[in-house]
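Note sheet for the following structure.
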Amino acid sequence: MALILPIAVVLSVAYCLLIHFFLWHWHKIPLWQIPADFQPHTFVSVIIPARNEAANIQECVNAVLAQNYPVELMEVIVVDDHSEDATPALVQAIADPRIRLIQLANYPLPEGQAFKKHGINTAIAQARGTLMLCTDADCYIGREWISGMVSFYQNHPVQMIAGPVNFHRERSFLERFQSLDFLGMMVLTGAGLHSGLMRMGNGANLAYTRAAFNAVGGFRGVDHLASGDDVFLMHKIETQYPGQVQFLKSLSATVLTLAMPDWRAFFHQRLRWGTKNANYTEWRITAVLGLVFGLCWSILLCLLLLPLAPSALGMSLLLLISAKVGADYRLLGTGAVFFQRQDLLRVFWPAQVAHILYIAVIGLCANLYKQYEWKGRKVR
């Protein structure tokens, strides 16, 4: 028991310093606004993988088609991943020459390749764009999304851009918890890229050049992994083009998506994300994730074992909780202010409890249990 308090001190100080480091870099990222004299000249291919998205696909595609961007400089490629609902029919019902539907049922899956990566590979092989813009079928996109991404691309020496993603239309505590958590994740994503400490991104809002995709061999080497079509590609491009993977800090380029509606769907989504952690080649990401995992488990263990050593464990528990709550409030508050979602801070306290449990449970399960269900498929 003698080591409990020193360990709590180390974890608490490390976590507070880490969050302070990320916030410092977040504030250093220049806010991007579309220049008044912006003249687009980049042809873009918007790639939308879709599986069983009949409830969302038309709204998503129509939002992309309504972009404030020249119609002659864009195309939309929807990749239907063996949908069992009306997704392909709904896409075909949209009468616009810029839309192309690719049905993966017509393209045999190469042995050992994950469906989504196969779909993106197939789309890029047929795309005409210089810049690939990727989003998901359950996303809503504002009118300035493409202009924001392309104007940044045309004004910076970049090969890949990670854009912000937020949740919206929350109706329950679970959905608000996910939304608040993601605000913090976006701050960490931007700060991680700006600092070079860790490189993360979200496939719901990602852009990369065809040239960079081809130069790194696309998803070769990670194409067997069901998740990670964003982060692993990012790591490959950063290795090939140092400093040319950047975060776009812009409200107008933010993509909105839907939170998981119930705890079961939430568990499987986060398990899917967590199973790729063991394949990270950048040790810094693993170290950061390990610190957060260790902090959350330390809080739970101190709480569970409190009767055994009330004094030492009580002081340790107080220190750990104070460090996490204080650092997280700064982090989430910063994200809430930037993305104009201060309303989500109303669930901060119950969200802290949910966050500790979710990090501890999902982190453990992701390392022990490699099978999960996603969109009607069992994935290993």
Of the listed residues (111, 84), the one being of a type outside the set (Val, Ile, Thr), assigned by TED's automatic domain parsing to the domain that holds residue 245 and touching a residue at least 12 places away in the same chain (Cβ under 8 Å) is 84
Exactly one of 191, 207 is in a helix (DSSP H, G or I), in the same structural domain as residue 119 (by TED's automatic domain parsing) and in contact (Cβ under 8 Å) with a residue 12 or more places away in the chain, and that residue is 191
Cβ pairs under 6 Å, 6+ apart or interchain, first in the range 360-372 and within 10 Å of residue 293 (Cα to Cα), second among the hydrophobic types (A, V, I, L, M, F, W, C) and modelled with pLDDT of 90 or more, ordered by first then second residue, are 360/296; 360/297; 360/300; 363/293
Scanning the range 15-41 for residues that are hydrophobic (A, V, I, L, M, F, W, C), free of Cβ contacts under 8 Å to residues at least 40 places away in the same chain and assigned to a loop (DSSP other than H, G, I, E, B) gives 36
Scanning the range 302-347 for residues that are among the hydrophobic types (A, V, I, L, M, F, W, C) and under 17 Å from residue 188 (Cα atoms), the one surrounded by the most Cβ atoms within 10 Å (Cβ to Cβ) turns out to be 332
In this structure, does residue 5 turn out to be at pLDDT below 95 and among the aliphatic types (A, V, I, L, M)?
yes
Cβ pairs under 9 Å, 6+ apart or interchain, first in the range 303-326 and more than 14 Å from residue 5 (Cβ to Cβ), second hydroxyl-bearing (Ser, Thr, Tyr), ordered by first then second residue, are 324/12; 324/15
When residue 157 is run through (1) more than 13 Å from the chain's Cα centre (by Cα); (2) over 18 Å from residue 61 (Cα atoms); (3) buried (at least 21 other Cβ atoms within 10 Å of the Cβ), the failure sits at (3)
Practice item. Determine, yes or no, whether residue 351 is among the aliphatic types (A, V, I, L, M) and modelled with pLDDT of 95 or more. Key: yes
**Study point:** Residue match in the range 192-214 (condition: farther than 19 Å from residue 123 by Cβ, modelled with pLDDT of 95 or more and among the small types (Gly, Ala, Ser))
**Key:** yes
Of 336, 327, 287, the only residue that is under 24 Å from the mean Cα position of the chain (by Cα), in a helix (DSSP H, G or I) and modelled with pLDDT under 95 is 287
Only unsatisfied item for residue 193, checking (1) closer than 30 Å to residue 59 by Cα; (2) of a type in the set (A, V, I, L, M); (3) under 15 Å from the mean Cα position of the chain (by Cα), is (1)
Just one listed residue, out of 236, 249, is part of a loop (DSSP other than H, G, I, E, B) and crowded, with 18+ Cβ neighbours inside 10 Å, and it is 249
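The values are calculated or read from the model by the stated rules, or taken from the named source; none is laboratory data. Since the structure is predicted, the reported quantities are computational estimates derived from the model, not experimental observations. Using ideal geometry, Cβ is built from the backbone for each residue, glycine included, and neighbour counts are taken over all protein chains shown.
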